[in-house]
Amino acid sequence: MTAVRQAPSELMVAPEIADIALEGPPKLTRSFRRLWWAAGISASGDGLVVVAIPLLAVSITRSPLLIAGVTAANRASAALAALPGGVLADRVNRRWLMVACNVIAGLMLAGLVAAMSFSRADLPMLYAVSVVLAASDVIYELAAQAYVPTLVDDRVLPKANSRLQVMTGSGEQFAGPAVGGVLFSVARRVPFVADAISFFASALLVGTTRSPLSGTTWLPSGTAKDAPGRRAPRETSWAEDFRQGFRWFKRERSVQLVAA
């Protein structure tokens, strides 16, 4: 019997292809799933107070201007916190930044609930809570978006981002407001208590995530995965990073329209 000879190129498989074949398709990690649940719980809690805060304002004052001002202050706080929040997310541990944002928001809501229990809640307090909640939410989302690439393989990054956005949008814009109005009609404090609990639960879940790549975005390209625990020193100051971001914002007309 004559042996059939094959070219070496037909018998050998490139090492990187063989590794991919052995590993199989990448999957979403356990830490990402925890972040995903944390985002859903927190967003649903935010949705509860989207309607509860204006309703509480109506019970405190009958001035349409002051009532509308609560929502206006909330949105203005979110816009003003975006750029500083992005600079902050680039310079500190993102996991603990998200935990801090959730804890601060939860404590603010707990304080509001305590004031409501003693009939001490007033309009300035409601404005302060609305401003802090918006700033915390924006900074949390910025940190989460930058944190996701350190939790999953690049090949499933679009899938991870899309799932995170769907979960956040569904909770904050669909499920949360519908339930929040019903809960407020039962008892005014209930949606605020539920939102405070959601923030603390989200902080707990985020705190249990683990990523060997978190905080390594300051390293030169191609070195992050080789040195997961190290951080290269920043060559620019906080002020310079802020100015660079603002200059970019001034150049991007589409982003300005979205912000407006």
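The values are calculated or read from the model by the stated rules, or taken from the named source; none is laboratory data. Owing to the predicted nature of the structure, the values given are computational and were not obtained by experimental measurement. Ideal geometry is used to build each Cβ from the backbone, glycine not excepted, and the neighbour counts take in all protein chains shown. Calculation scope for accessible area: heavy atoms of the full protein, side chains included, ligands and nucleic acids excluded. Shrake-Rupley method; radii C 1.70, N 1.55, O 1.52, S 1.80 Å.
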J(HN,Hα) series, region 120-132, from Karplus relation 6.51 cos²θ - 1.76 cosθ + 1.60, nearest Hz, glycine and proline x = 10, 5, 10, 5, x, 5, 5, 4, 4, 4, 4, 5, 5
For the residue pair Arg188 and Leu65, what label-to-label distance in nm results when each label sits 7 Å from Cα along the Cα-to-beta-carbon direction?
-> 2.3
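How much accessible area per residue does region 62-185 have, counting only protein heavy atoms and a probe of 1.4 Å, in square angstrom?
I get 48 Å² per residue for region 62-185.
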Protection proxy ranking of 152-159, 27-34 - average other beta-carbon atoms within 10 Å, highest first | 27-34, 152-159
Quick one: pull the percent of accessible area on region 133-197 belonging to carbon and sulfur, 1.4 Å probe, ligands and nucleic acids left out.
-> 63
